[in-house]
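Peer 1: Sharing a structure with you now.
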Amino acid sequence: MKRIMVTGGAGFLGSHLCERLLNEGNEVICLDNFYTGRKENVVHLMSDHFFEILRHDVCFPIYVEVDEIYNLACPASPVHYQFDPVQTTKTSVHGAINMLGLAKRLKIKILQASTSEVYGDPNIHPQPESYWGNVNPIGIRACYDEGKRCAETLFFDYNRQHNLNIKVARIFNTYGPRMLKNDGRVVSNFIVQALKGDNITVYGTGNQTRSFCYVDDLVDGFIRLMNSPDGFTGPVNLGNPGEFTILELAKKIIQLTGSKSKIAYKPLPPDDPTQRQPDISIAKKVLNWEPAIPLEEGLVKTIAFFESLLNQ
Ligand code: NAD
Ligand code: UDP
Ligand code: UDP
């Protein structure tokens, strides 16, 4: 039995990952400071004797004994990561240093939840891992984008300098049950608005694109990456190559919910990337992974989650 630590384990992706790792027979330590994570996300796991919660901020050192680390701690929604941007950079950078120091002391594998944001507003489409990106270093998204880029630098330097076994995943927009209803990200915003009959807030023209991956597929990719051959570090893109405009997404959600909501156009936030689509050739080849759940199927499951949440 392995003891696996998931930082950010009470968040959206982290809670699904903790659940899957427990189901596969591991002992799981969920480390979280509950900034955007919630106890409700993991309360159903608490009766499992092999599940443990540690309230801790990754910006501070921690001494525990574990066999593997998945480092997910970091707010992911622009609304939340821009609320306290200095803390966002600290979480990515100081958090990475502490988790890497822990992994180095224990000589264990560590996986970093990086992001498609390292590509910024990409001028290569779709984005392969070899693309270095187009990031504004002083814009309002930089606390997240540059924090994550610096974390990648640290991971690769610990690998080169200390021979640490690292795995870096670049995650593209992922959605599903347990996103916060006030999360601010597009899928949860649109579903909540549609279910309440409020206006659907499309920023800009809605012609910008994103590629949406359902959470179960992503978690499967995480685990395959952690278990990939030693020496395979990534970075590897994990995401669903199906690309949609934000307007298409809004219309699909209106249709699936049968909502009477209307679309209301709002200003486009600065530095909002115009297009995003993962090239997943490496994940297919090395991890034998590709997403199985199409957008419509994932949206139906996510809508059901928000419906029951709003009816509580
Ligand atoms: P989330 O906000 O639901 O989860 C982040 C978790 O980290 C929360 O539980 C939060 O409380 C915790 N956290 C934040 N700061 C912390 C700190 N200093 N110490 C300890 N815990 C802290 O977001 P998510 O969508 O689950 O994202 C998880 C990870 O995946 C993040 O690192 C994010 O950058 C990355 N990611 C997610 C997506 C996506 O589309 N969901 C895309 C790219 C990358
Ligand atoms: N660290 C930690 N837990 C450990 C080992 C290290 O939190 O079990 C932290 C420690 O605070 C240190 C950081 O990780 O500052 C980086 O560790 P490393 O060994 O790379 O560097 P150093 O200790 O020399 O600063
Ligand atoms: N967006 C939108 N309305 C919303 C929330 C987001 O039109 O209520 C747009 C946003 O401008 C961006 C896309 O949807 O172009 C994805 O935004 P999100 O915050 O989910 O993630 P990002 O990929 O930008 O980090």
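Peer 1: If I ask for residues that are more than 22 Å from Asn165 (Cα to Cα), in a helix (DSSP H, G or I) and under 17 Å from the mean Cα position of the chain (by Cα), which ones from the range 64-115 would you list? Spell out how you get there, then give the answer.
Peer 2: Our first condition is that a residue be more than 22 Å from Asn165 (Cα to Cα); within the range 64-115, this holds for 75-90.
Remaining after also requiring in a helix (DSSP H, G or I): 78-81, 85-90.
Hits for the range 64-115 are Pro78, Val79, His80, Tyr81, Thr88, Thr89.
Peer 1: Taking the stated definitions as given, is Asn159 polar (S, T, N, Q), away from ligand 1 (no atom under 16 Å from the Cβ) and in contact with a helix residue (DSSP H, G or I) (Cβ under 7 Å, 6 or more places away or on another chain)? Write out each step before concluding.
Peer 2: Details: polar (S, T, N, Q): yes; away from ligand 1 (no atom under 16 Å from the Cβ): yes; in contact with a helix residue (DSSP H, G or I) (Cβ under 7 Å, 6 or more places away or on another chain): no.
Judged against the criteria, Asn159 is not a match.
Peer 1: List the pairs whose first member sits in the range 49-71 and is in contact (Cβ under 8 Å) with a residue 12 or more places away in the chain and on the phi < 0 side of the Ramachandran plot, whose second member is among the aromatic types (Phe, Trp, Tyr) and assigned to a loop (DSSP other than H, G, I, E, B), and whose Cβ atoms are under 8 Å apart, counting only residues at least 6 apart or on separate chains?
Peer 2: Taking only residues 6 or more apart or on different chains, the pairs are Arg55/Phe34.
Peer 1: So which of Asn207, Asn237 ends up being part of a strand (DSSP E or B) and in contact (Cβ under 8 Å) with a residue 12 or more places away in the chain? Step through it out loud before you land on a result.
Peer 2: Numbers: Asn207 fails: part of a strand (DSSP E or B).
Unique residue meeting the criteria: Asn237.
Peer 1: Ok, one more. For Gly9, state whether it is part of a helix (DSSP H, G or I), in contact with a strand residue (DSSP E or B) (Cβ under 6 Å, 6 or more places away or on another chain), more than 16 Å from ligand 3 (Cβ to nearest atom) and within 23 Å of Leu106 (Cβ to Cβ).
Peer 2: Numbers: part of a helix (DSSP H, G or I): no; in contact with a strand residue (DSSP E or B) (Cβ under 6 Å, 6 or more places away or on another chain): yes; more than 16 Å from ligand 3 (Cβ to nearest atom): yes; within 23 Å of Leu106 (Cβ to Cβ): yes.
Spelling it out, it is not the case that Gly9 is part of a helix (DSSP H, G or I), in contact with a strand residue (DSSP E or B) (Cβ under 6 Å, 6 or more places away or on another chain), more than 16 Å from ligand 3 (Cβ to nearest atom) and within 23 Å of Leu106 (Cβ to Cβ).
Peer 1: Same structure, new question: Hey, does the range 117-125 have a residue that's away from ligand 3 (no atom under 16 Å from the Cβ), within 17 Å of Phe155 (Cα to Cα), modelled with pLDDT of 95 or more and buried (at least 16 other Cβ atoms within 10 Å of the Cβ)?
Peer 2: Start the filter on the range 117-125 by keeping residues that are away from ligand 3 (no atom under 16 Å from the Cβ), which leaves 123-124.
If we keep only those that are within 17 Å of Phe155 (Cα to Cα) as well, we get none.
Within the range 117-125, none of the residues are away from ligand 3 (no atom under 16 Å from the Cβ), within 17 Å of Phe155 (Cα to Cα), modelled with pLDDT of 95 or more and buried (at least 16 other Cβ atoms within 10 Å of the Cβ).
Peer 1: Please enumerate the residues belonging to the range 128-177 that are under 16 Å from the mean Cα position of the chain (by Cα), within 15 Å of ligand 3 (Cβ to nearest atom), of a type in the set (Gly, Ala, Ser) and part of a helix (DSSP H, G or I).
Peer 2: Passing the criteria: only Gly147.
The values are calculated or read from the model by the stated rules, or taken from the named source; none is laboratory data. What you see is a predicted model; the values in this text were computed from it and never measured. Every residue, glycine as well, gets a Cβ built from its backbone with ideal geometry; the counts of neighbours run over all protein chains shown.
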